[in-house]
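J.: The following block contains the structure, expressed as structure tokens.
The values are calculated or read from the model by the stated rules, or taken from the named source; none is laboratory data. Fair warning: this is a prediction, and the values are worked out from it, not measured in the lab. Cβ coordinates were reconstructed from backbone atoms using ideal geometry, including for glycine residues, and neighbour counts include every protein chain displayed.
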């Protein structure tokens, strides 16, 4: 075989290889699944909605919020959330095969170039999977307070770190809280870091936004004992009565609970700790209080 023929054969093989790659990529859309719709432009309405929901860290006007990653989408599906759309990058690969069979036929499934996907999400090294989801049931302040006899109600009074808030959500579910109220100054519960830190609890624990003043009035009307946590002084945790009906206020990481709110508490409790440590973070403090409340209620713990 002469050099010219070898060169021609190499070019043919290269063209065939590129064509095969294109066909494989198109196969996601037109192949066995027949489900995925290809999107190429950043101005697609659903892509714009996903990008806006991530950046605003708030639900859309019709109640959908943005989540990202295989595990958290698995949790949303397991928790009965409604998925409006699921987005895959070209490099999502096996993640498509994992998630697509779990997605309802009424859910839009889109595949897009990696760069377009990366422009819509916030993580630096995305897994190539995101979704717009809506909770199965949307709680309100009143519906949470109506459950006050089942466990403590956690009231977040200015928690600003999304990881801390995610920890509160996760521990609230783990230790049987009745629900969570988010007061003024508290980071969005739909912040992507909060959602990830909650490990899926955001989809299941009842939670709602509420003004602190209004929530205190409603909690007192439900005969809840209002307590706040402090890093310096108060009733030691092991001496505090933490059985329902009870509302536990967790304050800002730096400033604590607003003074006007603190003055209206029935009791302030402190978690005794080593004097060499100035304070523990809000997520840890909430988790310890939730655990002690569960213990006092006789909740079966491992």
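J.: Please verify whether the stretch 104-123 includes one or more residues that are within 23 Å of residue 50 (Cβ to Cβ), under 19 Å from the mean Cα position of the chain (by Cα) and loosely packed, with under 15 Cβ neighbours inside 10 Å.
T.: Looking through the stretch 104-123, at least one residue is within 23 Å of residue 50 (Cβ to Cβ), under 19 Å from the mean Cα position of the chain (by Cα) and loosely packed, with under 15 Cβ neighbours inside 10 Å.
J.: What about residue 248, is it closer than 18 Å to residue 147 by Cβ and surrounded by 18 or more Cβ atoms within 10 Å (Cβ to Cβ)?
T.: Judged against the criteria, residue 248 is a match.
J.: In addition: Can you tell me how many residues in the stretch 117-141 are at pLDDT 95 or above and touching a helix residue (DSSP H, G or I) at 6+ places or on another chain (Cβ under 7 Å)?
T.: Of the residues in that region, 6 qualify.
J.: Which of (1) buried (at least 17 other Cβ atoms within 10 Å of the Cβ); (2) farther than 17 Å from residue 202 by Cβ does residue 161 not meet, given it meets every other one?
T.: (2)
Rundown of residues vs (1) touching a strand residue (DSSP E or B) at 6+ places or on another chain (Cβ under 6 Å); (2) farther than 30 Å from residue 208 by Cβ; (3) in contact (Cβ under 8 Å) with a residue 40 or more places away in the chain, yes/no style:
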| residue | (1), (2), (3) |
| --- | --- |
| 97 | no, yes, no |
| 100 | no, yes, yes |
| 114 | yes, yes, no |
| 125 | no, yes, no |
| 128 | yes, yes, yes |
| 141 | yes, no, yes |
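J.: Can you pull out the residues in the stretch 168-193 that are assigned to a helix (DSSP H, G or I), buried (at least 23 other Cβ atoms within 10 Å of the Cβ) and at pLDDT 95 or above?
T.: Result: 168, 169, 171, 172.
J.: Separate question: Would you call residue 58 surrounded by fewer than 16 Cβ atoms within 10 Å (Cβ to Cβ), in contact with a strand residue (DSSP E or B) (Cβ under 8 Å, 6 or more places away or on another chain) and closer than 23 Å to residue 199 by Cβ?
T.: On the way: surrounded by fewer than 16 Cβ atoms within 10 Å (Cβ to Cβ): yes; in contact with a strand residue (DSSP E or B) (Cβ under 8 Å, 6 or more places away or on another chain): yes; closer than 23 Å to residue 199 by Cβ: yes.
Spelling it out, residue 58 is indeed surrounded by fewer than 16 Cβ atoms within 10 Å (Cβ to Cβ), in contact with a strand residue (DSSP E or B) (Cβ under 8 Å, 6 or more places away or on another chain) and closer than 23 Å to residue 199 by Cβ.
J.: Suppose the filter is within 18 Å of residue 147 (Cβ to Cβ), in the same structural domain as residue 178 (by TED's automatic domain parsing) and touching a residue at least 40 places away in the same chain (Cβ under 8 Å); does residue 199 pass it?
T.: Working: within 18 Å of residue 147 (Cβ to Cβ): no; in the same structural domain as residue 178 (by TED's automatic domain parsing): yes; touching a residue at least 40 places away in the same chain (Cβ under 8 Å): yes.
No; evaluated as a whole, the condition is false for this residue.
J.: Condition first: loosely packed, with under 13 Cβ neighbours inside 10 Å and under 20 Å from residue 183 (Cα atoms). Now tell me which residues in the stretch 214-243 satisfy that.
T.: 214, 217, 221, 223
J.: Can you tell me which residue is farthest from residue 210 (Cα to Cα) among those in the stretch 255-275 that are touching a residue at least 60 places away in the same chain (Cβ under 8 Å) and in a loop (DSSP other than H, G, I, E, B)? Let's see the steps before the verdict.
T.: So the first thing to find is which residues in the stretch 255-275 are touching a residue at least 60 places away in the same chain (Cβ under 8 Å), and the list is 255, 257-258, 261.
Next, only the ones that are in a loop (DSSP other than H, G, I, E, B) stay: 255, 257-258.
On the way: 255: 20, 257: 15, 258: 15 Å.
Among those residues, the one meeting the criterion is 255.
J.: Moving to a separate point now. If only one of 228, 255, 222, 197 is on the phi < 0 side of the Ramachandran plot and more than 27 Å from the chain's Cα centre (by Cα), which one is it?
T.: Residue meeting the stated conditions: 222.
Every residue, every condition in (1) more than 24 Å from residue 296 (Cα to Cα); (2) touching a helix residue (DSSP H, G or I) at 6+ places or on another chain (Cβ under 7 Å); (3) not assigned by TED's automatic domain parsing to the domain that holds residue 191, yes or no:
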position: 213; (1), (2), (3): yes, no, no
position: 227; (1), (2), (3): no, no, no
position: 269; (1), (2), (3): no, yes, no
position: 275; (1), (2), (3): yes, no, no
position: 278; (1), (2), (3): yes, no, no
